[in-house]
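Note sheet for the following structure.
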Amino acid sequence: MSSIRFIHTADLHLDSPFKGMTGLPVDRLNNLRDSTFTAFNKLIEHAVKTKPDFVLIAGDIYDGEDRSLRAQMKFREGMRKLDAASIPAVISYGNHDHLDGRWTRFDLPPNVHVFNENVEAAKLSVNGQEVVIYGFSYKERHIRDKVIDWYPVAEHHDAFHIGMLHGSLAGDETHAVYAPFTKSELLAKQYDYWALGHIHFRQQLHEEPPIVYPGNLQGRHRNERGAKGFYEVELSKTSASLHFVATSAIVFDRLEVSCSGIRHANEWLTACSEALESFSTRNGAGIVELTMVDVDNGTADLFSQSPEEEWLEVLRDYIGENEPYVWIQKIAFAGQLNLSIAPGALVQSVADMIDGWTIDDWKDVLKDVYQHARGVKYLDVLSEEEIADVKAGATALLTAEITGLE
Ligand SMILES: [Mn+2]
């Protein structure tokens with residue numbers, strides 16, 4: 001039996017507004033606002049050039065439930081290019097672009113199969129080989145049902161079976177409203193591949209068969225770090241190979257700058273500039289936060305002579321507008337806090353308490369925010385990584401406040 005080759009992408013979030021990017025020069029802000037389209041165009045160009053058998057888009061094509069006209073027009077253009085290259089596309093809508101939103105409809109070309117609100121099968125024939133793709137679109141923003149129960153178990157194993165599902169692993173209560181499933185429930189369907197969407201962090205939940213989150217095509221904020229893109233998949237009945245293709249036009253990241261031995265401001269500027277250069281060589285344009293590490297007392301003295309905003313301003317001036325352009329969103333002198341002053345007993349006991357919180361405690365603590373009807377749409381799920389960030393940030397703040405008083 002021959003193998004098939006396809007592209008798996010999800011979470012395009014076209015026309016994401018990138019709110020809160022204050023200070024970014026206007027033309028750069030425009031580039032950023034175009035970045036979801038730039039990333040999408042890279043995907044389309046790649047597809048037209050490499051001619052996969054089909055393209056799967058597992059939900060959240062649009063960022064908003066109103067699906068901006070511009071986003072719909074650009075998406076349609078992309079689908080037309082695929083159509084002209086005879087590449088079928090199978091798409092579903094997710095929680096961000098659910099069917100219940102208010103949006104003006106654009107017709108999509110005939111190569112595109114759109115899943116409706118019930119789980120259904122789309123059948124493709126690839127070089128005489130039958131491929132069955134199962135999926136559904138969100139009929140409203142929250143899908144609490146275990147939609148996974150509606151997916152049929154695969155029969156006829158001479159065909160390829162692929163499940164498309166926009167949702168999250170069950171067990172995470174904050175995420176229970178997004179078509180929850182367990183890994184064993186997916187495996188029980190006996191499909192050859194699970195094309196997931198919704199979680200923006202690229203990850204493979206299972207190898208054989210592959211259960212895959214490709215992540216989004218373009219990071220949208222400081223917590224969506226690193227290169228983003230899609231997977232090219234080559235699948236046979238006995239093996240699968242996944243190849244990641246980066247599309248992000250602007251990469252969000254957090255860089256550490258070693259301040260070891262730094263005594264003068266110009267040495268610091270050089271150290272930061274080197275870190276930024278090595279970042280842009282690897283990633284191209286970006287938006288980064290710089291964290292100072294290896295800060296000893298001498299360096300801390302230097303930093304304490306000017307306010308943080310001034311250091312940031314001077315650094316931005318020094319770096320200038322080289323291409324590829326890297327915007328420094330923030331600098332943090334985290335190292336300072338680990339100086340000669342050990343965190344007091346009070347800080348330690350509070351930090352220990354935070355450290356001891358279970359996921360339920362976190363949810364309880366944050367319930368006002370996460371249950372806020374209007375606020376919740378601006379929040380992504382609280383990941384373990386974010387919890388770790390909050391912990392580190394809280395401890396640093398406490399240390400700064402308390403040791404400052406002492
Ligand atoms: Mn999404």
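Quick note: the coordinates plus some simple rules give every number you see, no bench work behind them. On a predicted model such as this, the values are computed, not experimentally measured, just so you know. Please note: Cβ atoms are built from the backbone with ideal geometry, for glycine as well, and neighbour counts cover all protein chains shown.
List the GluC sites (Glu not before Pro) within the stretch 135-198 that DSSP assigns to loop and that have no more than 15 neighbouring Cβ atoms inside 10 Å. Please report the intermediate quantities before stating the final value.
Numbers: sites: Glu140, Glu155, Glu173, Glu185; in loops: Glu140, Glu155.
When the GluC sites (Glu not before Pro) of the stretch 135-198 are filtered for loop state and at most 15 Cβ neighbours within 10 Å, Glu140, Glu155 remain.
Express the relative contact order of the chain as a whole percentage, based on alpha carbon pairs under 8 Å and six or more residues apart in sequence. Don't skip to the end; give the middle numbers.
Working: 784 pairs, mean separation 52.2, N = 406.
Across the chain, relative contact order equals 13 percent.
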(request) Take every Cα pair under 8 Å in the stretch 210-256 that's 6+ residues apart, average their separations, divide by the length, and report that relative contact order as a whole percent. (result) 41 percent
(message) Less than 13 Å Cβ to Cβ from Phe252, Lys/Arg counted +1 and Asp/Glu -1: what total charge do the surrounding residues give?
(response) +3
(request) In whole Hz, with x marking every Gly and Pro, tabulate ³J(HN,Hα) for the stretch 232-239 from phi via Karplus 6.51 cos²θ - 1.76 cosθ + 1.60, θ = phi - 60°. (result) 9, 10, 10, 10, 10, 6, 10, 8
(request) State the Cα centre-to-centre distance between the stretch 1-39 and the stretch 204-274 in whole Å. (result) 14 Å
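Among the trypsin sites (Lys or Arg not before Pro) within the stretch 61-106, which fall in a DSSP loop and have no more than 12 other Cβ atoms within 10 Å of their own Cβ?
The qualifying sites are Arg102, Arg105.
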(message) Can you compute 3J(HN,Hα) from phi for each residue in the stretch 125-137, using the Karplus curve 6.51 cos²θ - 1.76 cosθ + 1.60 with θ = phi - 60°, rounded to whole Hz and x for Gly and Pro?
(response) 10, 10, 6, x, 8, 7, 10, 10, 10, 10, x, 7, 10
(request) Using θ = phi - 60° and the Karplus relation 6.51 cos²θ - 1.76 cosθ + 1.60, list the HN-Hα couplings for the stretch 280-295 in order, rounded to whole Hz, with x at every Gly or Pro. (result) 5, 5, 7, 10, x, 5, x, 10, 10, 10, 10, 10, 7, 10, 6, 8
(request) Taking H placed 1.01 Å from N in the peptide plane, check which residues at least 5 places from His113 or on another chain put their amide H under 5 Å from its amide H. (result) Ala89, Val90, Ile91
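Give, as a single signed number, the net charge of other residues whose beta carbon lies under 14 Å from the beta carbon of Pro88, with Lys and Arg counted +1 and Asp and Glu -1.
On the way: positive: Arg5, Lys51, Arg80, Lys81, Lys123; negative: Asp53, Asp83, Glu130.
Every neighbour counted, the sum reads +2.
Given only helices, namely DSSP H runs of n ≥ 4 each adding -39500 (n - 2.57), what is the per-residue ellipticity at 222 nm of the chain, to the nearest 500 deg cm²/dmol?
Values: 10 runs with 130 residues, N = 406.
Calculated at 222 nm, the ellipticity per residue is -10000 deg cm²/dmol.
Which of the residue pairs Lys183/Lys237; Lys123/Lys237; Lys146/Lys391 have a Cα-Cα distance greater than 22 Å in the structure shown? Could the numbers behind the result be given before it?
Working: Lys183/Lys237 20 Å; Lys123/Lys237 17 Å; Lys146/Lys391 33 Å.
Over 22 Å Cα-Cα: Lys146/Lys391.
Averaged over all directions, how much area does the convex hull of the C-alpha atoms of the chain cover when projected, in nm²? Let's see the in-between values first.
Details: hull surface 86.9 nm².
Over all viewing directions, the chain projects a mean Cα-hull area of 21.7 nm².
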(request) Pull up the DSSP beta bridges for the chain and report the antiparallel fraction as a percent, rounded to 5. (result) 35 percent
(request) Could you line up Cys259, Cys272 from fewest to most neighbouring Cβ atoms inside 10 Å? (result) Cys272, Cys259
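Would you list Leu382, Leu32 from fewest to most Cβ contacts within 10 Å?
Numbers: Leu382 18, Leu32 22.
Taking fewest neighbouring Cβ atoms as first place, the list is Leu382, Leu32.
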(request) Would you grab the residues whose amide H sits under 5 Å from the one on Ser258? Only those 5+ places off in sequence or on another chain, please, with H modelled 1.01 Å from N. (result) Val293
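Ordered by packing density, taken as the mean number of other Cβ atoms within 10 Å over each peptide's residues, highest first, how do 113-125, 46-58 rank?
Numbers: 113-125: 15.6, 46-58: 20.3.
Packing order, densest peptide first, comes out as 46-58, 113-125.
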(request) Beyond 30 Å, what share of the Cα-Cα pairs of the stretch 4-246 is found? Please give it as a whole percent. (result) 21 percent
(message) Neighbour counts of other C-beta atoms within 10 Å: give me Glu289, Glu277 arranged from fewest to most.
(response) Glu277, Glu289
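Taking the Cα centre of the stretch 1-150 as origin and charging only Cβ (+1 Lys, Arg; -1 Asp, Glu), how large is the dipole, in debye to the nearest 20? Intermediate results must be reported in sequence, preceding the final value.
On the way: 20 positive and 21 negative charges, 81 e Å.
I would put it at about 380 debye.
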(message) Could you work out the relative contact order of the stretch 4-246? I mean the mean sequence separation of Cα pairs under 8 Å and 6+ apart, divided by the number of residues, in percent.
(response) 20 percent
